[in-house]
Amino acid sequence: MKRAGILNASLNAGLSRLGHGDLVVVADCGLPVPPGVPFVDLALVHGVPRFEDVLDALLGDAVFETCVAATEAQGTVADEWLTARFDRVDHIGHEALKERSSDARLFIRTGEATPFANALLYCGVPF
């Protein structure tokens, strides 16, 4: 039994396989999962688990050097969640974000029902 951190076995397995530069998608419950991308579905009901809670758990367990969100998220609470946690958030169009998600090494679906609560996180290194 782990002492702390992420307890979900599938999520732990996916995180353990990541390396520098790999892409992780943290998505609301509506973003389509691209075919063939390893996928962990955490969604239980709308709003559970929250995007913020999943993001905080990931940031406690892994290192991310870049965050990308949809341009359409700018000025929304979803963008505030990201800018509160990352020094810099890059933005691309929502359709481009969906296209880039097909390059992910791990796609994590939350129960979040807030529009544009999606992030592309690129792995860094802890040294």
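The values are calculated or read from the model by the stated rules, or taken from the named source; none is laboratory data. Since we're looking at a predicted model, the values are computed, not measured. Using ideal geometry, Cβ is built from the backbone for each residue, glycine included, and neighbour counts are taken over all protein chains shown. These area figures cover heavy atoms from the full protein model, side chains too; ligands, DNA and RNA do not enter into them. Shrake-Rupley method; radii C 1.70, N 1.55, O 1.52, S 1.80 Å.
Screening the stretch 32-62 for residues that are of a type in the set (A, V, I, L, M) and within 11 Å of residue 111 (Cα to Cα) and picking the one that is surrounded by the fewest Cβ atoms within 10 Å (Cβ to Cβ) gives 45.
Against the numbered list (1) in contact with a Gly (Cβ under 7 Å, 6 or more places away or on another chain); (2) under 21 Å from residue 19 (Cα atoms); (3) of a type outside the set (A, V, I, L, M), residue 107 comes up short only at (1). Per the conditions (1) more than 26 Å from residue 36 (Cβ to Cβ); (2) charged (D, E, K, R); (3) surrounded by fewer than 16 Cβ atoms within 10 Å (Cβ to Cβ), the sole criterion not satisfied by residue 65 is (1).
Quick test for you: out of 59, 55, 120, 82, pick the one residue that is assigned to a helix (DSSP H, G or I) and in contact (Cβ under 8 Å) with a residue 60 or more places away in the chain. Step through it out loud before you land on a result.
On the way: 59 fails: in contact (Cβ under 8 Å) with a residue 60 or more places away in the chain; 120 fails: assigned to a helix (DSSP H, G or I); 82 fails: in contact (Cβ under 8 Å) with a residue 60 or more places away in the chain.
Checking each option against the conditions leaves just 55.
Note on the stretch 17-28: residues that are open to solvent by 40 Å² or more (accessible area, probe 1.4 Å) and either of a type in the set (A, V, I, L, M, F, W, C) or assigned to a strand (DSSP E or B) (or both) amount to 0.
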